[in-house]
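The values are calculated or read from the model by the stated rules, or taken from the named source; none is laboratory data. Just so it is clear, the structure is predicted and the values come from calculations on it, not from any experiment. Neighbour counts run over all protein chains shown; Cβ positions are idealised from the backbone, glycine included. Side chains are part of the model used for accessible areas, which takes the heavy atoms of the whole protein and leaves out ligands, DNA and RNA. Shrake-Rupley method; radii C 1.70, N 1.55, O 1.52, S 1.80 Å.
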Amino acid sequence: YNLGLQKISSLKAEGAYQGFSDEGFDYIFQVLIDYQPTDQIIAKVSMRDVIEQNVSPEMIRDKVILIGRMDQSMASPRETPYGAMYNVEMRAQVISYLIDLGEGKRQLLQPAVWWLYNFLILITAVFSSFLGWRFPSQRDRLFHILCSITILWLACYLMILWQSLWFAYV
């Protein structure tokens with residue numbers, strides 16, 4: 001699909017994103033969502049404030065308005081990278097992400113391809129092997145493990161930050 005300045009393609013079963021099935025669905029479209037801190041994209045207003053007209057028109061002008069429940073007795077929140085969110089908050093994340101994609105403010109988040117995974121594994125293995133060869137003592141093994149974990153974490157973090165490529169860290 002084309003959305004403003006961005007061409008959006010549905011996820012394929014490749015890389016770390018495997019194991020989902022689209023059997024029984026004629027048209028299935030999935031994208032990865034790049035979550036933002038909720039307080040940056042959502043202004044929460046109670047229905048009582050709306051009914052009593054305690055909301056300024058500037059607060060809602062040119063905004064997408066979602067109406068939903070955020071009550072623990074009615075619906076339990078779901079776990080996300082930014083903590084527990086209610087369904088209406090999750091929908092706001094999706095809408096905000098799609099609007100930002102269409103305006104060109106953010107890049108489309110994609111899972112990395114298989115050859116990039118293999119390259120990252122190879123680099124980590126070569127670096128770990130070098131450390132094991134250069135520092136063979138038993139007490140340095142914790143250092144080797146910590147270095148490998150740190151390099152792998154940094155590689156995953158920098159790829160998602162700079163290239164919008166998602167790596168499965170584990």
Open item on the list: Every residue in region 57-96 that is of a type in the set (A, V, I, L, M), under 16 Å from Lys44 (Cα atoms) and out of contact with any Lys or Arg (no Cβ under 9 Å at 6 or more places or on another chain), please.
Closed with: Met59, Ile60, Val64, Ile65, Ile67, Ala92, Ile95
TODO: Please determine, by comparing only the residues of region 31-57 that are loosely packed, with under 10 Cβ neighbours inside 10 Å, at pLDDT 85 or above and among the polar types (S, T, N, Q), which one is farthest from Gln110 (Cα to Cα).
DONE: Gln53
TODO: Of the conditions (1) assigned to a helix (DSSP H, G or I); (2) open to solvent by 60 Å² or more (accessible area, probe 1.4 Å), Glu89 clears all except one; give me its number.
DONE: (2)
Open item on the list: Go through (1) at pLDDT 80 or above; (2) closer than 30 Å to Leu5 by Cα for Trp114 and report which single condition fails.
Closed with: (1)
Open item on the list: Residues to consider are Ala155, Ala168, Ala84; find the one that is of a type in the set (Gly, Ala, Ser) and in a strand (DSSP E or B).
Closed with: Ala84
Task: Residue that is open to solvent by less than 80 Å² (accessible area, probe 1.4 Å) and at pLDDT 80 or above, where the choices are Gly132, Gly104 - done: Gly104
- [ ] Taking the residues in region 148-162 that are surrounded by 14 or more Cβ atoms within 10 Å (Cβ to Cβ) and modelled with pLDDT of 80 or more as candidates, determine which candidate is farthest from Val31 (Cα to Cα).
- [x] Ile151
- [ ] Give Pro111, Pro136 a once-over and let me know the one that is without any contact (Cβ under 8 Å) to a residue 60 or more places away in the chain and out of contact with any helix residue (DSSP H, G or I) (no Cβ under 8 Å at 6 or more places or on another chain).
- [x] Pro136
- [ ] Report, ordered by the first and then the second residue, all pairs with beta carbons closer than 9 Å, sequence separation of six or more or different chains, a first member in region 92-107 that is over 18 Å from Ser9 (Cβ atoms) and touching a residue at least 12 places away in the same chain (Cβ under 8 Å), and a second member that is open to solvent by 30 Å² or more (accessible area, probe 1.4 Å) and among the aromatic types (Phe, Trp, Tyr).
- [x] Gln93/Tyr35; Gln93/Tyr82
Open item on the list: Among the numbered criteria (1) modelled with pLDDT of 70 or more; (2) surrounded by 10 or more Cβ atoms within 10 Å (Cβ to Cβ); (3) in a loop (DSSP other than H, G, I, E, B); (4) out of contact with any Leu (no Cβ under 8 Å at 6 or more places or on another chain), which one does Ile28 miss?
Closed with: (1)
TODO: Mind telling me which of the residues Lys12, Lys63 ends up being basic (Lys, Arg), at pLDDT below 80 and either open to solvent by 80 Å² or more (accessible area, probe 1.4 Å) or in contact with a strand residue (DSSP E or B) (Cβ under 7 Å, 6 or more places away or on another chain) (or both)?
DONE: Lys12
